[in-house]
Amino acid sequence: MDIHEYQAKEILAEFGVPVPRGGIAFTPEQAAFRARDLGDQRCVVKAQVHSGGRGEAGGVKLCETPDDVREFAKGLLGTSLVTKQTDANGKRIDRLWIEEATPIDRELYLGFVLDRTSQRIMIVASGHGGMEIEDLAEEDPDRLIRMIIDPAVGLAEYQARELAFRLGLKGSQIGQMITVLRACYRAYRDLDAMMVEINPLVVCRDGSLVALDAKMSFDRNALFRRPQVGALRDPGQEDPRESYAADHGLAYVGLDGDIGCIINGAGLAMASMDMIQLAGGEPANFLDIGGGASPERVCQAFRTVLSDPNISVILVNIFAGINRCDWIANGVIQAYKEVGIDIPVVVRLSGTNVEAGRKLIKESGLPIISADSLADAAAAAVTAQPQSIAAE
Ligand code: GDP
Ligand code: MN
């Protein structure tokens, strides 16, 4: 789960990372008020959207006066910001962060990520901040510093010191860098984060270190024990299909195709998506309804998949181990009644109570297309698409 820059700054500041003074605004008037409140000085207006690359996309601006701030805010609020990290629709701007401008001497990059190879938290840093890490890694991989943290020891003082030296920091900047590194590490560990990124971490003209940007992302599976983090979620920044699914405990990822998928098990879901592509179709989503799916859950899965306007056919593929095919069949039948389905549905059932499940589908009188194998099901889904039928 991602959060906004201002929320990440608030969290990191509590752990001891220096951040510029600032305030949030939902209207142009509030933005001008925040600017006046910061005193008679230049300030930066920053669109709060869950994406990087805002600067290049026109979502960050240095303003001279509160009137400038108001005008810029007017132009941004209510629009969508398209960055190189978003899709073509961009992300809606409904809030701005107004902060005091910082006179920059150097821009550094600092990130904490989960390194799956070593199964440890890894620090990634560079003396060339401001750029996206992907560009950095491509253009100058040797200048990326990587450091693995041993969980039994935590971030060791010598590591933090070495990193500060390698970034070319001097004098009091070294102590400041150690403070920043420790604070980020503690925030990451204590809040079950997946990523902490400060880009740029700047050295100001007076030699002080300040986090000019901040990004944090959290492990969704740990949110149950971090309610204060869960409260920072902004559904307005999420794919509405994914928000609905998350609210109902379904693992769902929206894609660009038009064949809706309702499948149990992440592995089978991936395999089904591959089979659909092999058969010449494009999956509209990844959806894992999980084990022990009740008819209600199957209904919710249909609602989630159908909320995508691009859908032209639905493929239900269940290999029932913990699940029971008759429950799934009942769920499909119930979905027809409750959700209203006017596109073809292909159902492939296998495993526990498969006979009972097939019987229910057959006797329901509903126009459900049954398939036996995964390959048959994928082929049937592609054939059932309106464009395939029209082409015949
Ligand atoms: P991003 O493009 O979404 O990563 O947004 P950032 O917060 O990183 O801002 C983009 C760029 O704007 C930064 O890399 C800085 O170069 C610049 N910037 C942001 N805040 C300030 C500021 O207070 N003073 C100055 N001079 N530049 C700033
Ligand atoms: Mn940035």
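The values are calculated or read from the model by the stated rules, or taken from the named source; none is laboratory data. These numbers come from a predicted model, not from an experiment. Don't worry about glycine lacking a Cβ; one is built from the backbone with ideal geometry, like all the others, and counts go over all protein chains shown. Surface areas here come from the heavy atoms of the whole protein model, side chains and all, with no ligands, DNA or RNA. Shrake-Rupley method; radii C 1.70, N 1.55, O 1.52, S 1.80 Å.
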Just one of GLU132, GLU138, GLU197 is at pLDDT 95 or above and under 24 Å from the mean Cα position of the chain (by Cα); which is it?
GLU197
For THR86, work out the one condition from (1) more than 15 Å from LYS46 (Cβ to Cβ); (2) open to solvent by 30 Å² or more (accessible area, probe 1.4 Å) it doesn't fulfil.
(2)
Enumerated strands (runs of 3 or more DSSP E) restricted to the range 118-230, each holding at least 1 residues that are within 27 Å of VAL253 (Cβ to Cβ)
120-126, 193-204, 215-218
In the range 59-85, which residues are assigned to a loop (DSSP other than H, G, I, E, B), closer than 20 Å to THR27 by Cβ and within 14 Å of ligand 2 (Cβ to nearest atom)?
GLY59
Which members of the range 229-250 meet the condition of being touching a Gly at 6+ places or on another chain (Cβ under 8 Å) and either acidic (Asp, Glu) or surrounded by 15 or more Cβ atoms within 10 Å (Cβ to Cβ) (or both)?
ASP239, ARG241, GLU242, LEU250
Could you check, for the range 24-34, whether at least one of its residues is at pLDDT 95 or above, away from ligand 2 (no atom under 14 Å from the Cβ) and under 20 Å from MET216 (Cα atoms)?
yes
Tabulated pairs, the range 365-392, first part of a strand (DSSP E or B), second at pLDDT 95 or above and hydroxyl-bearing (Ser, Thr, Tyr), C-beta under 6 angstrom, 6+ apart or interchain
none
Would you mention how many residues in the range 1-39 are buried (at least 19 other Cβ atoms within 10 Å of the Cβ), away from ligand 1 (no atom under 13 Å from the Cβ) and in a loop (DSSP other than H, G, I, E, B)?
3
